[in-house]
1. Kindly work out what percent of the DSSP beta bridges joining two residues of the chain are antiparallel, to the nearest 5.
2. Which whole-Hz couplings ³J(HN,Hα) result when phi for each residue of the range 343-349 is put into the Karplus expression 6.51 cos²θ - 1.76 cosθ + 1.60, θ = phi - 60°, listed in order with x for Gly and Pro?
3. Going by amide H atoms built from the backbone, whose H comes under 5 Å of the H on Thr104, apart from near neighbours?
4. Near Gly264, within a Cβ-to-Cβ distance under 12 Å, what is the net charge of the other residues, with Lys and Arg +1 and Asp and Glu -1?
5. In sequence order, what are the phi-derived ³J(HN,Hα) couplings for the range 448-460 according to the Karplus relation 6.51 cos²θ - 1.76 cosθ + 1.60 with θ = phi - 60°, rounded to whole Hz, with x for glycine and proline?
6. Percent antiparallel among DSSP beta bridges with both residues in the range 73-306, to the nearest 5?
7. Using a 1.4 angstrom probe, figure out how much accessible area the chain has per residue, in square angstrom, rounded to the nearest whole.
8. Rounded to the nearest 10 Å², what accessible area does Glu320 show when all protein chains are kept and the probe is 1.4 Å?
Amino acid sequence: MNTKYIDLINQSFYFPQEEFKLENNHLQFHDIDLKQLIETYGAPLKFTYLPQISNNINRAKTWFDNAIKKHNYPATYNYCYCTKSSHFKHVLNEALKNDIHIETSSAFDIDIVESLKKAGKITDKTYVISNGFKRSQYVTNIARLINDGHKNCIPIIDNYEELDLLSEEIKGKFKVGIRIASEEEPKFEFYTSRLGIGYKNIVPFYKSQIQDNKKVELKMLHFFINTGIRDNAYYWNELLKCLKVYISLKKICPTLDSLNIGGGFPIKNSLAFEFDYEYMVDEIINQIKIACDEADVEVPHIFTEFGSFTVGESGGAIYEVLYQKQQNDREKWNMINSSFITTLPDTWAINKRFIMLPVNRWNDSYERVLLGGLTCDSDDYYNSEQHMNAIYLPKYNKEKPLYIGFFNTGAYQETIGGFGGLQHCLIPSPKHILIDKDNDGNITTELFSEQQKSEDLLKILGYHEQ
Ligand SMILES: Cc1ncc(COP(=O)(O)O)c(C=O)c1O
């Protein structure tokens, strides 16, 4: 009978795969000896395999270049990295080796851009696409960047007030984009995304605020589908709706020449993962070309802002199974020596699944288990894989330590998990006030901590050394 863990994997998937193989009964990821890593550093640990960032950027660039050639598409493709998926200096340094551009989401992102410019990693030619709802600090930082000569910074207008706020602080003429608020998938809790301006309001907004405005030049239409780029009716329908808006605008706005289709490329979240990236890119370019040719307008330059796809597949986490608790006949809890809530928060918050594999003991027999984290929170667990409604691992044995790896975890988990004090999108944590009552019953207040500053966050991200 085939009862070893390796038999289970061989029966369920094609294995080995490009990035996963076994060497002396131990798992290797991109030829990294994970056993050695554990022996050197101990578990739990997280790692970032930097070359995978460049690999994925170049894969995407090749798909777009091929599609552009195939369809005789007379415009360019521009790869932007969505920094919010991982702002670390080591990630940006690697990504920027590949002649790419940057997408920002909040005020402190601009400080990162300036730090990278100082270090010579970004030049005035690099597009800085500034998305997000712009509060005063973000507006001020964008204005500073543009006033200092970065004419390729393109703020994407997310709400009706931003244009005035930016115009007050930016000297001279500047380029902008407009974000279309997409309609959410029918099963979602609300109809229209809160991000951007509704489809029907884009042309009226352009006519009333931009068309006769000497300071502003509309260059880009931005479109991002929350559920990502998928081969389903919803995605294609939204793309076509967006193209209709692009065409209507282009007919009255000659400076408009770029379409930003956002992020949302999926990444490998299971050994059974299949996604035909090449076909999707080809069909996106094809659809844009057909729509523009039919309407007799020039095709736009294409921008993307892949976050997960750029950095997700570079990351991993390794834990040791500390102990097994059998709570009833069927439920065995393998307790890991860390927490899912804090180190892989998306597993808890949005039920996200990553590739999970044991690092060692592939020749041992296996069992069905649940994985528990060390916090006292009953939600700190992981109980199924993307491709099957369960988790199987080599049988727990007190005498034989078991290490498990979670792979392709490189996007969003550090900021959402609060690594060193980081916050999602680098939105600083607010000041904290202690409130008490004195003996006379009067309320007293005291500042416990200030709001986080840009320097605090940039230091955690590694920029202090630059
Ligand atoms: C405007 C915008 N661009 C790009 C991204 C990156 O998406 P992903 O990480 O799925 O590529 C996001 C993610 O929320 C986004 O809101």
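The values are calculated or read from the model by the stated rules, or taken from the named source; none is laboratory data. This structure is a prediction, so every number in the text was calculated from the model and none was measured. Quick reminder, even Gly has a Cβ in these numbers, built from the backbone with ideal geometry, and neighbours come from all protein chains shown. These area figures cover heavy atoms from the full protein model, side chains too; ligands, DNA and RNA do not enter into them. Shrake-Rupley method; radii C 1.70, N 1.55, O 1.52, S 1.80 Å.
1. For the chain, the DSSP antiparallel bridge percentage is about 55.
2. 9, 10, x, 5, 5, 8, 6
3. HN-HN under 5 Å from Thr104: Ile129, Ser130, Asn131.
4. Net charge in that neighbourhood comes out at -1.
5. Residue by residue, the range 448-460 yields 7, 8, 6, 4, 4, 9, 3, 4, 4, 6, 5, 5, 4 Hz.
6. On the way: 1 of 32 bridges.
Looking only at bridges with both residues in the range 73-306, the antiparallel portion is about 5 percent.
7. Details: 21950 Å² over 466 residues.
Using a 1.4 Å probe on heavy atoms only, each residue of the chain averages 47 Å².
8. About 50 Å², ignoring ligands and nucleic acids.
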